[in-house]
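S.K.: Mind looking over this structure? Questions follow.
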Ligand code: MIC
Ligand code: SF4
């Protein structure tokens with residue numbers, strides 16, 4: 001039978017499959033600092049001496065603003081723990097995890113699990129690369145297989161080629177426009193068609209990166225001569241191998257995209273799927289432009305930006321800041337003179353890190369319009385509650401920076417001719433290998449690194465107060481906000497839990513604590529966005545025992561299960577019947593988890609039955625019964 005590329009990689013890694021899930025072995029893992037401290041504390045709690053993967057890398061790219069001791073303490077902890085447990089450590093300043101991984105470590109055909117939702121970036125070089133919570137990554141580092149809901153494989157057939165000034169970002173924005181932020185749930189997007197050969201690896205990576213915004217499990221491109229040239233440019237041609245779907249392979253769904261028909265696009269506030277052509281926004285004043293993030297800060301993106309800026313000055317009313325995705329990119333821009341063009345234009349140079357993408361600086365002015373080459377524009381994520389954040393390509397962004405208003409970049413004249421070198425600058429001196437004598441490595445733990453909170457076994461019945469009633473597409477930024485003030489508390493659950501839902505309801509944490517046992521009610525796609533397990537762990541710490549929703553985003557749903565929070569599906573009509581402040585009684589939990597019997601849910605005051613169910617795999621039931629993944633893994637690893 002002809003196979004898709006996805007099927008081939010899954011088959012080569014399969015451990016177990018059933019109707020609902022497939023479990024695969026994980027070759028490589030990556031963590032970043034904001035999720036990594038927890039992931040390594042969890043790995044330590046599992047109790048192994050060394051990681052059991054082919055390669056594990058720990059990056060520091062999120063919490064790089066050191067306005068107190070917390071982040072620096074975390075960096076030290078991460079460096080020590082990496083050396084001790086057999087993990088490579090990419091130092092702060094070396095770049096954003098996804099970009100550095102693509103450049104220095106990714107291998108076509110391998111599996112990668114990362115504690116960051118944009119891990120699918122590595123799909124740009126034909127890896128099956130999946131984002132997950134820290135505990136899932138810790139478990140993969142311990143050599144355990146990773147389970148994904150049995151995916152539907154969507155064939156995205158690209159035909160023709162992009163017009164000048166239209167770029168890879170516009171392709172994924174077009175797909176988001178058509179399919180929305182819920183459109184990819186439970187699916188893997190596999191790219192094919194003659195348009196693939198017109199896209200470089202970093203362009204493919206822009207697309208697979210932002211496939212996360214579709215809610216997709218992952219996205220993947222074939223490995224071809226372009227992949228080979230990319231790996232050769234990184235001095236890594238030896239890991240290349242050709243990989244593609246078989247001719248005639250059947251996809252579950254097909255999406256066709258004629259690249260020549262796409263025009264410059266922008267995602268409007270406050271969702272990556274609110275996409276319109278830039279020309280519809282033309283003339284609207286822009287206060288701030290940011291170029292960077294794991295979506296759009298490759299050498300090509302920044303060379304184009306530099307060429308457009310050459311000899312010009314940023315508009316008087318607009319601030320432009322640029323964060324190159326990796327130290328390799330920054331060093332090459334410095335070496336070839338492009339950095340001088342950028343500096344001369346008045347752009348502000350930021351370090352090679354996530355920076356403003358995660359609210360670490362550069363918050364826009366009150367009500368400001370910010371044009372960003374990033375992947376998320378959820379409300380408040382920029383650090384300014386009422387900012388209007390638009391997501392675009394670097395081409396659109398630089399046009400806006402020069403003109404001070406939304407500008408279709410096609411109005412800038414001919415597209416600059418950019419030739420990238422065949423050989424990139426290779427300098428891995430900021431990547432520290434594991435220690436040769438791990439026993440001698442002492443791990444420094446600053447006062448901000450607190451022990452992991454624990455949860456006991458699952459109760460058989462619960463009476464819960466509905467602490468918050470929410471709508472559709474609640475993001476993990478809503479649940480557990482990030483930004484320069486809150487992010488440094490990622491290793492301190494006691495402190496960070498004070499901020500759960502703080503942007504929506506500042507009283508939430510104290511109400512939850514008072515209540516003792518609570519739940520949340522929402523509609524579709526609850527928990528979309530990031531992989532941060534803090535969006536489950538901190539609510540768990542506050543006594544949240546269940547989330548009632550019509551549907552859940554994949555990673556967040558797993559995180560809830562991993563921390564012993566019941567993801568309860570509410571049937572049509574139930575949402576309208578329950579109000580905030582109501583009490584619900586959940587019973588028969590043990591039987592529902594052990595024997596798959598129905599969960600019994602009723603309104604505590606009236607005794608009226610509510611149509612709810614718990615739809616989990618056999619493995620997930622076992623995890624929930626234990627009260628979370630950590631207890632479950634410990635028993636497995638010991639056995
Ligand atoms: C994000 O883009 O939201 C983040 C910050 O990279 C998160 C991870 C985190 O919250 O630490 C993600 O995408 O998973
Ligand atoms: Fe970092 Fe932003 Fe990418 Fe998340 S989306 S990994 S915060 S650059």
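Coordinate-derived values only; no laboratory data. What you see is a predicted model, and the numbers here were worked out from it, not measured in a lab. Cβ sites come from the backbone with ideal geometry, for glycine too, and all protein chains shown count toward neighbours.
S.K.: Let me know the shape class of segment 508-600, please: from the alpha-carbon gyration tensor, a ≥ b ≥ c as square roots of the eigenvalues, rounded when a/c is under 1.5, otherwise prolate if a/b is greater than b/c, or oblate. Could you put the intermediate results ahead of the total?
M.R.: Details: a/c = 1.23, a/b = 1.11, b/c = 1.11.
Verdict is rounded for segment 508-600.
S.K.: If contacts are Cα pairs under 8 angstrom and at least 6 residues apart, what is the relative contact order of the chain in percent?
M.R.: Working: 1627 pairs, mean separation 92.5, N = 639.
This gives 14 percent for the chain.
S.K.: Helix 394-403 against the longest principal axis of the chain: what's the angle in degrees, Cα atoms only, rounded to the nearest 10?
M.R.: Between the helix axis and the principal axis of the chain, the angle is about 60 degrees.
S.K.: May I pose another question? Hey, how many Å between the Cα centroid of segment 419-452 and the Cα centroid of segment 17-88?
M.R.: 11
S.K.: Give me the percent relative contact order of segment 140-229, please, defined on Cα pairs under 8 angstrom at least 6 residues apart.
M.R.: Averaging sequence separation for qualifying contacts and normalising by length gives 35 percent for segment 140-229.
S.K.: If you don't mind, another one. When ranked by the protection proxy of mean other Cβ atoms within 10 Å per residue, highest first, what sequence do the peptides 355-368, 503-516, 401-414, 291-304 form? Please report the intermediate quantities before stating the final value.
M.R.: Values: 355-368: 20.4, 503-516: 15.9, 401-414: 18.6, 291-304: 27.6.
Peptide ranking by packing, descending: 291-304, 355-368, 401-414, 503-516.
S.K.: Sticking with this structure for a sec: What order, most packed first, do the peptides 156-169, 567-580 have when packing is the mean number of other Cβ atoms within 10 Å of each residue? List each step's numbers first, then the result.
M.R.: Values: 156-169: 20.9, 567-580: 15.4.
Put in order of decreasing packing, that is 156-169, 567-580.
S.K.: Quickly rank 200-208, 16-24 as a protection proxy: mean count of other C-beta atoms within 10 Å, highest first. Each step should come with its number before you reach the end.
M.R.: Details: 200-208: 26.8, 16-24: 15.1.
Per-residue Cβ counts within 10 Å, averaged per peptide and sorted highest first, yield 200-208, 16-24.
S.K.: Let me ask something else. Going by the alpha-carbon gyration tensor, a ≥ b ≥ c the square roots of its eigenvalues, is segment 342-436 rounded (a/c under 1.5) or, if a/c is not under 1.5, prolate (a/b greater than b/c) versus oblate?
M.R.: Working: a/c = 2.50, a/b = 1.22, b/c = 2.05.
It comes out oblate by the Cα gyration axes.
S.K.: Once you have the Cα-Cα distance between residue 419 and residue 16, take 0.36 nm times their residue separation minus that, and quote the gain in nm to one decimal.
M.R.: On the way: separation 403, 0.36 × 403 = 145.08 nm, distance 4.62 nm.
Taking 0.36 nm per residue and subtracting the Cα distance, the gain is 140.5 nm.
S.K.: Next question. Let me know the shape class of segment 309-390, please: from the alpha-carbon gyration tensor, a ≥ b ≥ c as square roots of the eigenvalues, rounded when a/c is under 1.5, otherwise prolate if a/b is greater than b/c, or oblate. The partial results should precede the final answer.
M.R.: Working: a/c = 2.97, a/b = 1.55, b/c = 1.92.
Cα axes put segment 309-390 in the oblate bin.
S.K.: Can you compute the radius of gyration and Dmax for segment 257-406, using only the Cα atoms, both in Å?
M.R.: Radius of gyration, then largest Cα-Cα span, for segment 257-406: 14.3, 39 Å.
S.K.: On to the next question. Ranking 273, 194 by Cβ neighbours within 10 Å, fewest first, what do you get?
M.R.: 194, 273
S.K.: To the nearest 10 degrees, how steep is helix 629-638 against the longest Cα principal axis of the chain, on a 0 to 90 scale?
M.R.: Helix 629-638 and the main axis of the chain meet at about 90 degrees.
S.K.: Give me the distance between the Cα centres of segment 144-220 and segment 585-639, rounded to whole Å.
M.R.: Centre-to-centre (Cα) distance: 35 Å.
S.K.: Using Cα pairs under 8 angstrom and six or more residues apart, how large is the relative contact order of segment 503-618, in percent?
M.R.: Values: 177 pairs, mean separation 23.5, N = 116.
Here the relative contact order equals 20 percent.
S.K.: Please express the shape of segment 1-124 as an equivalent ellipsoid: the semi-axes are the square roots of 5 times the eigenvalues of the C-alpha gyration tensor, given largest first in whole angstrom. If you can, show how the numbers build up before the last one.
M.R.: Details: eigenvalues 170, 56, 28 Å².
The answer is 29, 17, 12 Å, longest axis first.
S.K.: Restricting to the chain, compute how many DSSP beta bridges are antiparallel as a %, nearest 5.
M.R.: Details: 28 of 85 bridges.
Given both bridge residues lie in the chain, the antiparallel proportion sits at roughly 35 percent.
S.K.: I'd like the orientation of helix 201-210 relative to the chain: the angle between its Cα long axis and the longest Cα principal axis, in ° from 0 to 90, rounded to 10.
M.R.: 30
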